[in-house]
1. Only one of 151, 101, 161, 110 is within 24 Å of residue 200 (Cβ to Cβ) and out of contact with any Phe, Trp or Tyr (no Cβ under 7 Å at 6 or more places or on another chain); which?
2. State which residue is nearest to residue 119 (Cα to Cα) when the search covers only segment 1-11 and only residues that are open to solvent by less than 20 Å² (accessible area, probe 1.4 Å) and under 11 Å from the mean Cα position of the chain (by Cα).
3. Before we move on, is residue 197 more than 24 Å from residue 155 (Cβ to Cβ), open to solvent by 70 Å² or more (accessible area, probe 1.4 Å), at pLDDT below 95 and among the aliphatic types (A, V, I, L, M)?
4. In segment 119-227, which helices (runs of 4 or more DSSP H) lie fully inside it and hold 3 or more residues that are farther than 28 Å from residue 77 by Cα?
5. Output the residues belonging to segment 41-64 that are over 26 Å from residue 23 (Cβ atoms), open to solvent by less than 50 Å² (accessible area, probe 1.4 Å) and touching a Leu at 6+ places or on another chain (Cβ under 7 Å).
6. Tell me, which residue of segment 16-35 that is surrounded by 22 or more Cβ atoms within 10 Å (Cβ to Cβ) and touching a Leu at 6+ places or on another chain (Cβ under 6 Å) is farthest from residue 50 (Cα to Cα)?
7. Scan segment 31-45 and tell me whether some residue there is farther than 22 Å from residue 135 by Cβ and touching a helix residue (DSSP H, G or I) at 6+ places or on another chain (Cβ under 8 Å).
8. Give segment 97-108 a look and list any residue that's touching a Pro at 6+ places or on another chain (Cβ under 8 Å) and open to solvent by 50 Å² or more (accessible area, probe 1.4 Å), or say none.
Amino acid sequence: MRYVVITGVSRGLGEALVNQFETDPETVVVALGRTFSDAQRIAAGPRLILRHCDLAEPASMPHAAELSETLADADEVILIHNAAVVDPIGRIGDLAVDDLATAVAVNLTAPILLTNSLLAALPDTARDVLVMFVSSGAAHRIIDGWSAYSATKRGAEEFFAHLAEQYKDDPRVRVEVVNPGVMDTGMQETIRSADFAGRQRFLDLYENDELPDPSAVAARLVEEHVTRPA
C-alpha cells in the first residue's frame, strides 16, 4: 500500500495534490492541515485520513509513534511538504514578531520535525520512500520585503540537501526539492495585497491571466517527481 502524507491541503496546490492521489485505490492519503475543504470532509475515510494540526505548533503535529502506527503496512511512502506562508512581507525591523515566528515555524521548523518523525517511523516493509519539499525561486534571490519567506525556504533547502546526501547510497530513498513556479493560489492573493517594490509583476500576471491552475501544476509535479524513473 502507498501512503502519501501532504501538508497544507485545504486549498491551492495542496488540495490539488490530494486530488491527484485520492482516486488511486492502492493509495492512502494522510492530509495534514488546520482546515479542510468541504469535499475533503465528505470524502474522509480509510483512504483519506484528515489529521488536524497546526504546523506553527510542534506539539500538534504527528510524531514518530503516531506515524509508525499509521504507516504500519506501507511499502511506499511519500511525504510532500507543501504548506508555507509568505507573510510577513516588509522591511526588516518592521516585521510583526508573531508573524515572523509563524513563518519560521511553518516554512522551516515543521518540515524538519515532520521529516525526522516520518523517517523514524518507517516500517521495515517500506521499499520506496520519497520526501518532496515544495520550495520557491525566492530561496535563491532577493525580493524586496520577502526576507522571511526567502530565508526560511533557503534554510529548508539546505536541510533537504543534507538529507539527500545522507541517503545518496540508499536506492530506496529519494529527496526532491521542487520549484513549482507561480500559480493561482491564496498565496498569490496575499502577495498582490502586500506593499513591496516588486508587487506590480504579480498584479500583471493575475490581470493577464498568466497564473497556471494549481491542478495542472500538481499533475506536472506528480509526473516529473513522484513517478520513479524506470
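1. Numbers: 101 fails: within 24 Å of residue 200 (Cβ to Cβ); 161 fails: within 24 Å of residue 200 (Cβ to Cβ); 110 fails: within 24 Å of residue 200 (Cβ to Cβ).
Within the list 151, 101, 161, 110, the selection yields 151.
2. Among those residues, the one meeting the criterion is 5.
3. Numbers: more than 24 Å from residue 155 (Cβ to Cβ): no; open to solvent by 70 Å² or more (accessible area, probe 1.4 Å): yes; at pLDDT below 95: yes; among the aliphatic types (A, V, I, L, M): yes.
Judged against the criteria, residue 197 is not a match.
4. Numbers: elements: 147-166, 186-193, 199-207, 214-221.
Once the helices (runs of 4 or more DSSP H) in segment 119-227 are filtered for at least 3 residues that are farther than 28 Å from residue 77 by Cα, what remains is 147-166, 186-193, 199-207.
5. Of everything in segment 41-64, just one residue is over 26 Å from residue 23 (Cβ atoms), open to solvent by less than 50 Å² (accessible area, probe 1.4 Å) and touching a Leu at 6+ places or on another chain (Cβ under 7 Å), namely 61.
6. 29
7. First pass over segment 31-45, keeping only residues farther than 22 Å from residue 135 by Cβ: 35-45.
From the residues that got through so far, the ones that are touching a helix residue (DSSP H, G or I) at 6+ places or on another chain (Cβ under 8 Å) too are 37, 40.
Scanning segment 31-45 turns up at least one residue that is farther than 22 Å from residue 135 by Cβ and touching a helix residue (DSSP H, G or I) at 6+ places or on another chain (Cβ under 8 Å).
8. Taking segment 97-108 and keeping what is touching a Pro at 6+ places or on another chain (Cβ under 8 Å), we get 99-100, 103, 105.
If the condition is that a residue be touching a Pro at 6+ places or on another chain (Cβ under 8 Å) and open to solvent by 50 Å² or more (accessible area, probe 1.4 Å), then 99, 100 are the ones that fit.
The values are calculated or read from the model by the stated rules, or taken from the named source; none is laboratory data. These numbers were taken from a predicted model, which means no experiment stands behind them. Please note: Cβ atoms are built from the backbone with ideal geometry, for glycine as well, and neighbour counts cover all protein chains shown. Accessible surface areas use protein heavy atoms only, side chains included; no ligands, DNA or RNA. Shrake-Rupley method; radii C 1.70, N 1.55, O 1.52, S 1.80 Å.
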